[in-house]
Amino acid sequence: MGTLVGHVAPGFGFFIIGLWHLLNHIKNHAINPKSYTSLPWFPTSKIRYLELILIMAGCTMSIAMELFIGPDRHQPLDRDGTIPSNHLHNFEHSSISITLFMYAAFSIVLDKIAPPAQYGLTHLLGSIAFGQQLLLFHLHSTDHMGVEGQYHWLLQIAIFISLVTTLLDINYPKSFLNSFARSVSIMFQGVWLMVMGFMLWTPQFIAKGCFMNLEEGHKVVRCHGEKALERAKSLVNIQFSWYFVGVTIFSLSLYLIMIKLYSKKVEYQSLKNFEEQEEDNEDDVEAQKKRKLEEPRSTFLQMGKSFAPMDMESS
């Protein structure tokens, strides 16, 4: 993961999943605001488990890159079978991928079996995955004091929000705002991971007074002196705030657009159903009128027959 591609690829995955959840949560709430219920994942019409399959595929690729493809000898262990210090971060990143794979796999199993606690357990698995991610980034083996450490520290804020909102979904499945915040936090994780990839491993984007240095098999951003380091960290904080504002504006704009779009569809369907009901009522009224017009006529004929002239000859 300690490369541009190693951050951009998983970041794009988090962004797509977060955006997918955000779109579906807004759509469901717009169509059924009173009966809205938060879902941990969303099936597609053609392939029900597409979202979960993509998560498992991405996690498998990540584990393969971290442990077998990325290392020089295509395996992360030392000759004596121990984990060398320069591969500790590979095991940390792959552990996150393993937990996310476990979440997706058990989500499919729970959906097929459909136990009573299906959705609660699925949310719990998601919170375990985010908890594992938060723990490993908080105790990351890479530098905690440098520029990369500042990016990781701010990333933990987004992960923490994802963790808390996922746990709250267990007891508050009907809270749209909680689901909205969770989707935005997952999407923002992806955005920030992609920003990290470009800003830490693209030489022209490195802050003034800092440089790339090869340490223990991977490149790390270092700065000339404490002043340059503090300036670089401040720039990271400013980036975080700008991207956070940008994601917030994007999310709220998307909400307003989709609410307006799907509310019109719901109103149109309701109006159409109302018109059909009115037509049925009119048909019923016409039928009742016709019956009423026919009933007097038949009664009159019957009365005429009863008052017919008497047959004098027979009498």
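Could you go through the stretch 152-165 and let me know if any residue there is over 27 Å from His89 (Cβ atoms), touching a residue at least 12 places away in the same chain (Cβ under 8 Å) and not in a helix (DSSP H, G or I).
no
Just give me the residues in the stretch 30-53 being farther than 23 Å from Lys260 by Cα, in contact (Cβ under 8 Å) with a residue 12 or more places away in the chain and in a helix (DSSP H, G or I), in sequence order.
Glu51, Leu52, Ile53
Filter the stretch 58-75 for residues that are touching a residue at least 40 places away in the same chain (Cβ under 8 Å) and in contact with a Leu (Cβ under 9 Å, 6 or more places away or on another chain); which is surrounded by the most Cβ atoms within 10 Å (Cβ to Cβ)?
If we take residues in the stretch 58-75 being touching a residue at least 40 places away in the same chain (Cβ under 8 Å) and in contact with a Leu (Cβ under 9 Å, 6 or more places away or on another chain), then Cys59 is surrounded by the most Cβ atoms within 10 Å (Cβ to Cβ).
Can you tell me which residue in the stretch 129-161 is farthest from Ser85 (Cα to Cα), limited to those that are over 16 Å from the mean Cα position of the chain (by Cα) and β-branched (Val, Ile, Thr)?
Checked the stretch 129-161; the qualifying residue farthest from Ser85 (Cα to Cα) is Ile157.
Can you say whether Thr82 is surrounded by fewer than 17 Cβ atoms within 10 Å (Cβ to Cβ), part of a loop (DSSP other than H, G, I, E, B) and among the β-branched types (Val, Ile, Thr), as far as the supplied structure shows?
yes
Select from the stretch 138-166 the residues that are touching a Gly at 6+ places or on another chain (Cβ under 6 Å) and at pLDDT 90 or above and write down the one among them that is farthest from Gly120 (Cα to Cα).
Leu163
Any residue in the stretch 262-279 that is modelled with pLDDT of 60 or more, surrounded by 14 or more Cβ atoms within 10 Å (Cβ to Cβ) and in contact with a Leu (Cβ under 9 Å, 6 or more places away or on another chain)?
no
Please enumerate the residues belonging to the stretch 181-211 that are assigned to a helix (DSSP H, G or I), free of Cβ contacts under 8 Å to residues at least 24 places away in the same chain and in contact with a helix residue (DSSP H, G or I) (Cβ under 6 Å, 6 or more places away or on another chain).
Answer for the stretch 181-211, where residues must be assigned to a helix (DSSP H, G or I), free of Cβ contacts under 8 Å to residues at least 24 places away in the same chain and in contact with a helix residue (DSSP H, G or I) (Cβ under 6 Å, 6 or more places away or on another chain): Ala181, Phe205.
Among residues belonging to the stretch 154-182 that are crowded, with 18+ Cβ neighbours inside 10 Å and among the charged types (D, E, K, R), point out the one that is nearest to Trp242 (Cα to Cα).
Arg182
Would the stretch 2-22 turn up any residue that is surrounded by 18 or more Cβ atoms within 10 Å (Cβ to Cβ), in contact (Cβ under 8 Å) with a residue 60 or more places away in the chain and not in a helix (DSSP H, G or I)?
Yes - at least one qualifying residue is present in the stretch 2-22.
Which residues, taken from the stretch 167-188, are aromatic (Phe, Trp, Tyr) and in contact with a Gly (Cβ under 8 Å, 6 or more places away or on another chain)?
Phe188
Could you run through the stretch 234-248 and say how many residues are surrounded by 12 or more Cβ atoms within 10 Å (Cβ to Cβ), under 12 Å from Val191 (Cβ atoms) and not β-branched (Val, Ile, Thr)?
5
Being of a type in the set (S, T, N, Q) and more than 25 Å from the chain's Cα centre (by Cα) is the filter here; which residues of the stretch 50-106 pass it?
Within the stretch 50-106, Gln75, Thr82, Ser85, Asn86, Asn90 qualify.
Out of (1) assigned to a helix (DSSP H, G or I); (2) surrounded by 20 or more Cβ atoms within 10 Å (Cβ to Cβ), the odd one out for Lys27 is which?
In the conditions (1) assigned to a helix (DSSP H, G or I); (2) surrounded by 20 or more Cβ atoms within 10 Å (Cβ to Cβ), Lys27 misses (2) alone.
Yes or no, residue by residue, for (1) modelled with pLDDT of 95 or more; (2) in contact with a Pro (Cβ under 8 Å, 6 or more places away or on another chain); (3) more than 25 Å from Glu148 (Cα to Cα):
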residue	(1), (2), (3)
Cys59	yes, no, no
Tyr103	yes, no, yes
Pro115	yes, no, yes
Tyr119	no, yes, yes
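For the stretch 222-262, give me each residue that is in contact with a Cys (Cβ under 8 Å, 6 or more places away or on another chain) and among the small types (Gly, Ala, Ser).
Residues satisfying the conditions are Ala228, Ala232.
Report, by residue number, each residue of the stretch 167-180 that is under 17 Å from Leu23 (Cα atoms) and in a helix (DSSP H, G or I).
Once the filter is applied, which keeps residues that are under 17 Å from Leu23 (Cα atoms) and in a helix (DSSP H, G or I), the stretch 167-180 yields Phe176, Leu177, Asn178, Ser179, Phe180.
The values are calculated or read from the model by the stated rules, or taken from the named source; none is laboratory data. Just so it is clear, the structure is predicted and the values come from calculations on it, not from any experiment. Quick reminder, even Gly has a Cβ in these numbers, built from the backbone with ideal geometry, and neighbours come from all protein chains shown.
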